[in-house]
Amino acid sequence: MKKLALAIAAVLASGVAFAETAATDISNLSSTADAPNNLYDFIDNDKLSGVAYGGAELGMNVLLGDQDGSIDHWDMFKVGADFTYAYSENLSFLIGGEARYAWGGVDTLDAQNYVDRFQFGIETVAGKTTWGKQCGIADVYLGFADISKEHGLGAEADEVACTEEQLNHHYFGNNFDIGAAYEHTTDAWALGGSYTVGPVVIGGTFVDIGKGEHSVAGVDHGESVYTLGAVVVLDKFNVAAKYAYGEAETGAETEEVAGYALGVAYQATTNLSLAATYNNEDYNDAYAAVMNMDSDDWFTLGASYRLNEHIELVTDYKVASEQDDKLFLRANVSL
């Protein structure tokens, strides 16, 4: 079973000057939100605008301890484009997509090319509504308040995070955002968003999956994931806390996992960011039988360094886990 998780957290600010965080940019407060691409404007007139981008993610996990294999690869190149047609002042039509060529495996390499995103929709004063193959509100907020570079608290719900046929809506206010997503194949839906009060950003999501990964023989074994977290955005520090809970019906039993994470990130220089987290998960008897343990806790130590506007180097060391340690190494390339 995939790792599940729900989150609840409270962090108090203590009168330190803080850098204002817009509700529209929380990618640095979420371990699952996509980092922004460098966009190339190739169409720009009164009605139609178009942007394109390209990039790559090149790297691996170095597997330590008793794990099978020594290197877990995952690399990809991507190209994408998005178009907006302004029909009127209050209505725009949207279409966009992204293609990838990827390869990966544990000590071996298997290549594939695929369409990662193809969506269309509209944007009005009520927000942005899109349909198609895409990642939606759940993908962003399942990782909210997890400020590790890679190996923080798990909160997977792939049946509604990034899917083939998803309806997604997202609305941004002055100091908040809220969104919803629905995926009909697995009868899955999600609600998520954030609210900013001074230096504190509070956010989370609820995911309900009618037909989970254990659904067999026409019997729907659902899953649910809850997350809620908070981040204090200070001048050079982000301090985060998160509590998570998830459950999956597996027939006669319900597998449950609950966890929390505490983290701090420090912007040492304009280009260098450091992060450290403590993560803890507890499993009920049914899930403990799958994991061969009833709990796990671990630390992460990570860093990212931006060489220039096109290349960022990222590392994260997961240590003291019952499931063995990992060293994450990656280069993010944005053309």
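Give just the number: which of (1) at pLDDT below 90; (2) in a loop (DSSP other than H, G, I, E, B); (3) among the acidic types (Asp, Glu) does Glu309 not satisfy?
The number of the failed condition is (1).
Being among the small types (Gly, Ala, Ser), over 30 Å from Val319 (Cα atoms) and in contact (Cβ under 8 Å) with a residue 24 or more places away in the chain is the filter here; which residues of region 98-125 pass it?
Answer for region 98-125, where residues must be among the small types (Gly, Ala, Ser), over 30 Å from Val319 (Cα atoms) and in contact (Cβ under 8 Å) with a residue 24 or more places away in the chain: just Gly121.
For region 219-259, give me each residue that is under 20 Å from Tyr278 (Cα atoms), open to solvent by less than 40 Å² (accessible area, probe 1.4 Å) and of a type in the set (Val, Ile, Thr).
Thr227, Val231, Val232, Val233, Val257, listed by residue number.
Kindly provide the set of residues from region 194-210 that are open to solvent by less than 20 Å² (accessible area, probe 1.4 Å) and under 15 Å from Ala138 (Cα atoms), ordered by number.
Ser194, Gly203, Gly204, Thr205, Val207, Ile209
If you go through region 113-151, how many residues are closer than 24 Å to Met76 by Cα, acidic (Asp, Glu), outside any loop (DSSP other than H, G, I, E, B) and open to solvent by 30 Å² or more (accessible area, probe 1.4 Å)?
So the count comes out to 1.
Return the pairs, sorted by first residue and then second, in which the second residue is of a type in the set (Val, Ile, Thr) and open to solvent by 70 Å² or more (accessible area, probe 1.4 Å), the first residue lies in region 288-310 and is touching a residue at least 12 places away in the same chain (Cβ under 8 Å) and within 17 Å of His151 (Cβ to Cβ), the beta carbons are less than 9 Å apart, and the residues are 6+ apart or on different chains.
none
Sort through Leu272, Leu262 and tell me the only one that's free of Cβ contacts under 8 Å to residues at least 40 places away in the same chain, out of contact with any Asp or Glu (no Cβ under 6 Å at 6 or more places or on another chain), among the aliphatic types (A, V, I, L, M) and surrounded by fewer than 16 Cβ atoms within 10 Å (Cβ to Cβ).
So the residue among Leu272, Leu262 that is free of Cβ contacts under 8 Å to residues at least 40 places away in the same chain, out of contact with any Asp or Glu (no Cβ under 6 Å at 6 or more places or on another chain), among the aliphatic types (A, V, I, L, M) and surrounded by fewer than 16 Cβ atoms within 10 Å (Cβ to Cβ) is Leu272.
List every residue pair whose Cβ atoms sit under 9 Å apart, with the two residues 6 or more apart in sequence or on different chains, where the first one lies in region 55-76 and is more than 30 Å from Tyr40 (Cα to Cα) and the second, anywhere, is open to solvent by 30 Å² or more (accessible area, probe 1.4 Å) and among the hydroxyl-bearing types (Ser, Thr, Tyr).
Once the first residue is more than 30 Å from Tyr40 (Cα to Cα) and sits in region 55-76, its partners that are open to solvent by 30 Å² or more (accessible area, probe 1.4 Å) and among the hydroxyl-bearing types (Ser, Thr, Tyr) give Val62/Ser70; Leu63/Ser70; Leu64/Ser70; Gly69/Thr108.
Can you tell me which of Asp324, Asp296 is among the charged types (D, E, K, R) and open to solvent by 10 Å² or more (accessible area, probe 1.4 Å)?
After ruling out the rest, the residue left standing is Asp324.
Answer with yes or no whether Tyr317 is buried (at least 16 other Cβ atoms within 10 Å of the Cβ) and either of a type outside the set (D, E, K, R) or assigned to a loop (DSSP other than H, G, I, E, B) (or both).
yes
The values are calculated or read from the model by the stated rules, or taken from the named source; none is laboratory data. None of these values were measured; they are calculated from a predicted model. Cβ: placed from backbone, ideal geometry, glycine included. Neighbour counts: every protein chain shown. Ligands, DNA and RNA are excluded from the accessible area calculation, which covers all protein heavy atoms including side chains. Shrake-Rupley method; radii C 1.70, N 1.55, O 1.52, S 1.80 Å.
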